[in-house]
1. Have a look at D238, D197 and point out the one that is among the acidic types (D, E) and at pLDDT 95 or above.
2. Within the stretch 130-168, how many residues are touching a residue at least 40 places away in the same chain (Cβ under 8 Å) and part of a helix (DSSP H, G or I)?
3. Within the stretch 1-20, can you find the residues that are closer than 25 Å to L228 by Cα and either surrounded by 15 or more Cβ atoms within 10 Å (Cβ to Cβ) or not assigned by TED's automatic domain parsing to the domain that holds I134 (or both)?
4. All but one of (1) assigned to a strand (DSSP E or B); (2) under 18 Å from K140 (Cβ atoms); (3) under 19 Å from the mean Cα position of the chain (by Cα) hold for S173; state the number of the condition that does not hold.
5. Of all the residues that make up the stretch 211-255, how many are part of a strand (DSSP E or B), acidic (D, E) and surrounded by 15 or more Cβ atoms within 10 Å (Cβ to Cβ)?
6. Answer yes or no: is there a residue in the stretch 111-129 that is in a strand (DSSP E or B), outside the structural domain of K191 (by TED's automatic domain parsing) and either of a type in the set (D, E, K, R) or in contact (Cβ under 8 Å) with a residue 12 or more places away in the chain (or both).
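The values are calculated or read from the model by the stated rules, or taken from the named source; none is laboratory data. Owing to the predicted nature of the structure, the values given are computational and were not obtained by experimental measurement. Positions of Cβ are generated from backbone atoms using ideal geometry, with glycine treated the same way; all protein chains shown enter the neighbour counts.
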Amino acid sequence: MAEDFNFEAKIYDYVWGSKDYHPEVLALDRIFKKFSVKDILDAGCGTGNHAILLGELGYNVIGVDISEEMVKRAKGKNKWENVKFFVEDIRELNFREEFDATICLGVTIAHMVTDRDMDMFFASIYNALRSEGIFIFNAKNAKRIDESLLNKLRPGEYVNVEDLRIMSLDFVSRDKENPNVLIWEPIWFIKEGSTVDFIRRKIKLRWFYKDEIMSFIKKHNFRVIEVLGDSLTGDTFDETIHSEMYFVLQKSNKV
């Protein structure tokens, strides 16, 4: 995970951050109330959309991201004293039993492209959580990779806001070493006023089988509360139907 994602930070709220985060945050709130959660870590917080809304609900939230630009933009949007943002690598967090819950939502876990990344990440989250702390994250389902979208150039994102135009042409292929790692190679075209720019990116994103995730869960001493399909308000996960897995875990004591 060598990327700093500072380019993506500049367009994040236009391209990906425009969705309504409220339903997901309300679903988190319902879970957190069951477990008397007060202090939350948002691992891979991006520009802070989950963290800020959770702060509005009264939770104490620390958001961390590897991208300095993401954190800068999150701080610029934040108005809550109970919400703080820091630049951190989520595989090497400096927290020890400081949180009642951790969330890691969006495509953050997809950037853990090696098993070593995953082991470091799970160990880092375990250490950050208090006893019986809650860990909520989502991952892409490798059994639902759409082969029709691979190995062809196709239209991607498009945003038209006032003087700003953003669009991408996407090419996605499988990694040779791990076919469940997809290599996303977008070409971004950005027109702001009379200025036109383009940039090419290459980012690896890992999709997982449920059994793979379960092996990391067991190895790092978490227990499964539930696994939901496609959202935190969805049905029980079915690998033949759902494109995403949403895990709700609880930290167990090490044997």
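1. Working: D197 fails: at pLDDT 95 or above.
Only one candidate passes the filter, namely D238.
2. 3
3. Within the stretch 1-20, the subset closer than 25 Å to L228 by Cα is 16-20.
Scanning the stretch 1-20 gives W16, G17.
4. (3)
5. Taking the stretch 211-255 first, the residues part of a strand (DSSP E or B) are 222-229, 236, 244-251.
Pick out the ones that are also acidic (D, E) and you get 226, 244.
From what is left, the residues that are surrounded by 15 or more Cβ atoms within 10 Å (Cβ to Cβ) are 244.
Going through the stretch 211-255 one residue at a time, the tally reaches 1.
6. The first filter runs over the stretch 111-129 and keeps only residues in a strand (DSSP E or B), leaving 129.
Adding the requirement that they be outside the structural domain of K191 (by TED's automatic domain parsing) leaves 129.
Adding the requirement that they be either of a type in the set (D, E, K, R) or in contact (Cβ under 8 Å) with a residue 12 or more places away in the chain (or both) leaves 129.
Looking through the stretch 111-129, at least one residue is in a strand (DSSP E or B), outside the structural domain of K191 (by TED's automatic domain parsing) and either of a type in the set (D, E, K, R) or in contact (Cβ under 8 Å) with a residue 12 or more places away in the chain (or both).
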